[in-house]
Amino acid sequence: MEAYKILKECSEILKKKGEDYNNGTIKPDDYFLYGRKSYMQMIHLKTTRLKSLMETKEVNYESLEDTLIDLINYAALWASKERGDKWVIIQNIKTYLYKL
């Protein structure tokens, strides 16, 4: 089923972006300083982007599919945070990975 393939792709993108965004001293929680409000803001930005994409014919960057994948991942991060999952650091490679 295509939906499962998309969810797998979302998971892979989430891991790769986590490696890019969360290195050194920056932790995932640093991006969401205001807790639920921060997650809601990111989801709002992505839904606003969807509306913008629906109103335009040409797209230079961040396609409809890219935006939908980002929306899925932000929702997953928020749901995970609500469950109490923590981000963990792998000391030997100094990369933050999300516990799935």
request  = Report the residues of region 40-65 in range of a label on Tyr21: point 7 Å along Cα→C-beta, backbone N strictly under 19 Å from it.
outcome  = 40-50, 61-65
inquiry  = Please arrange Glu82, Glu55, Glu9 by how many other C-beta atoms lie within 10 Å of their C-beta, fewest to most.
reply    = Glu55, Glu82, Glu9
query = What whole number of Å gives the distance from the Cα centroid of region 65-87 to the Cα centroid of region 1-50?
reply = 5
key: Inter-label distance, nm, simple model (7 Å from Cα along the C-beta direction), Ile13/Leu68   = 1.0
inquiry  = Could you work out the relative contact order of region 2-98? I mean the mean sequence separation of Cα pairs under 8 Å and 6+ apart, divided by the number of residues, in percent.
reply    = 39
key: Efficiency of FRET between Arg83 and Glu2 - r from beta-carbon atoms, R0 41 angstrom, step 0.05   = 0.95
query = Lys pairs in region 2-98, Cα-Cα under 13 Å, at least 8 apart or on separate chains: how many?
reply = 5
ask   = What is the helix-to-structure angle for 36-54, meaning the angle in degrees between its Cα long axis and the longest Cα principal axis of the chain, kept from 0 to 90 and rounded to the nearest 10?
value = 30
task = Relative to the longest principal axis of the C-alpha atoms of the chain, give the angle of the C-alpha long axis of helix 2-21, reported between 0 and 90° and rounded to the nearest 10°.
result = 50
remark   = If one compares the long axis through the Cα atoms of helix 64-83 with the longest principal axis of the Cα atoms of the chain, the angle in degrees, nearest 10, works out at 40
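We did not get these values from a lab; they are worked out from the coordinates using the rules stated. None of these values were measured; they are calculated from a predicted model. Note: ideal-geometry Cβ built from the backbone for every residue, glycine included; neighbour counts use all protein chains shown.
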